[in-house]
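Colleague: Encoded as structure tokens, here's the structure I'll be asking about.
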Amino acid sequence: MKLLKDKIRQDGKVLSEEVLKVDSFLNHQIDPVLMQEIGKEFAERFKEAGITKIVTIESSGIAPSVMAGLELGVPVIFARKRKSLTLVDHLYTASVHSFTKKETNEISVSKDYLTSEDTVLLIDDFLANGQAVLGLLDIVEQAGAQLAGVGIVIEKGFQSGGSIIRERGIRVESLAILTSLEVGQATFAEEVASR
Ligand code: 5GP
């Protein structure tokens, strides 16, 4: 997705060979016009998949998910990172080790909003080692819901998450795939392919 890649090139900050900071349009300040385009792109790619719910994880997955939900006309559920003190028995839960924060969180979704009747699109901002997506997959399985696929805004193709998820036969659609990060430069998959 050209608009997204241009934005990453222009405003992304490469913090290390492993971490890209995109606080100016995705992780802190949000660019609504870009989010709307991202939502349209996910909706276009998954429009034939019979999706009934989008499931994401708080907080950075929410903006692109809401825009995709708006386009597809379906509700968006975000997994919470803190268990609510009420109704703990009424939750699907999974453990997720955070790549950026180096801590493990219990994530949860209420059984009220996800059931075996649903066909789910999982969306997240980044795919690194796949822990967040694996946690969300666990929750979808607990609910007995169908999985249509996974939509990722930025995949770091040099980390293992993409292959772990695709090896399970799951459709992963990433709008920008980075093949490497060097200070001052982000390189995308098709640029390597066309060299
Ligand atoms: P994974 O669970 O795939 O290892 O990591 C994905 C999660 O970690 C995403 O939800 C995202 O919040 C965070 N993350 C991973 N890599 C990056 C990165 O390079 N930059 C930012 N801003 N977040 C990242």
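The values are calculated or read from the model by the stated rules, or taken from the named source; none is laboratory data. Bear in mind the structure is a predicted one, so any value in this text is a computation, not a measurement. For neighbour counting, all protein chains shown are included, and Cβ atoms are generated from backbone atoms with ideal geometry for every residue, glycine included.
Colleague: Do the conditions hold for residue 88, that is, is it aliphatic (A, V, I, L, M), surrounded by fewer than 20 Cβ atoms within 10 Å (Cβ to Cβ) and free of Cβ contacts under 8 Å to residues at least 12 places away in the same chain?
Modeller: Here the answer is yes, as residue 88 does meet what is asked.
Colleague: Among residues belonging to region 1-48 that are touching a helix residue (DSSP H, G or I) at 6+ places or on another chain (Cβ under 6 Å) and β-branched (Val, Ile, Thr), point out the one that is surrounded by the fewest Cβ atoms within 10 Å (Cβ to Cβ).
Modeller: Selected residue: 30.
Colleague: If the requirement is being closer than 18 Å to residue 55 by Cα and buried (at least 21 other Cβ atoms within 10 Å of the Cβ), which of these qualifies: 114, 137?
Modeller: 114
Colleague: With a cut-off of at least 1 residues that are free of Cβ contacts under 8 Å to residues at least 24 places away in the same chain, name the strands (runs of 3 or more DSSP E) lying wholly within region 99-181.
Modeller: 104-110
Colleague: Right, next: Given 54, 38, 8, which one is β-branched (Val, Ile, Thr) and farther than 26 Å from residue 179 by Cβ?
Modeller: Just one listed residue meets the conditions, 54.
Colleague: Give the residues of region 1-18 that are more than 16 Å from the chain's Cα centre (by Cα) and in contact (Cβ under 8 Å) with a residue 40 or more places away in the chain, sorted by residue number.
Modeller: Within region 1-18, 5, 8, 9, 12, 14, 16, 17, 18 meet the criteria.
Colleague: Here is a follow-up. Since residue 61 meets every condition but one in (1) surrounded by fewer than 16 Cβ atoms within 10 Å (Cβ to Cβ); (2) within 12 Å of the ligand (Cβ to nearest atom), which condition does it not meet?
Modeller: (1)
Colleague: Ok, one more. State all residues of region 1-54 that are outside any loop (DSSP other than H, G, I, E, B), within 13 Å of the ligand (Cβ to nearest atom) and not polar (S, T, N, Q); if no residue qualifies, say none.
Modeller: Of everything in region 1-54, those that are outside any loop (DSSP other than H, G, I, E, B), within 13 Å of the ligand (Cβ to nearest atom) and not polar (S, T, N, Q) turn out to be 8, 11, 13, 14, 20, 21, 23, 25, 26.
Colleague: Just wondering, is there one or more residues in region 75-93 that are part of a loop (DSSP other than H, G, I, E, B), modelled with pLDDT of 95 or more and either out of contact with any Pro (no Cβ under 9 Å at 6 or more places or on another chain) or within 12 Å of the ligand (Cβ to nearest atom) (or both)?
Modeller: Looking through region 75-93, at least one residue is part of a loop (DSSP other than H, G, I, E, B), modelled with pLDDT of 95 or more and either out of contact with any Pro (no Cβ under 9 Å at 6 or more places or on another chain) or within 12 Å of the ligand (Cβ to nearest atom) (or both).
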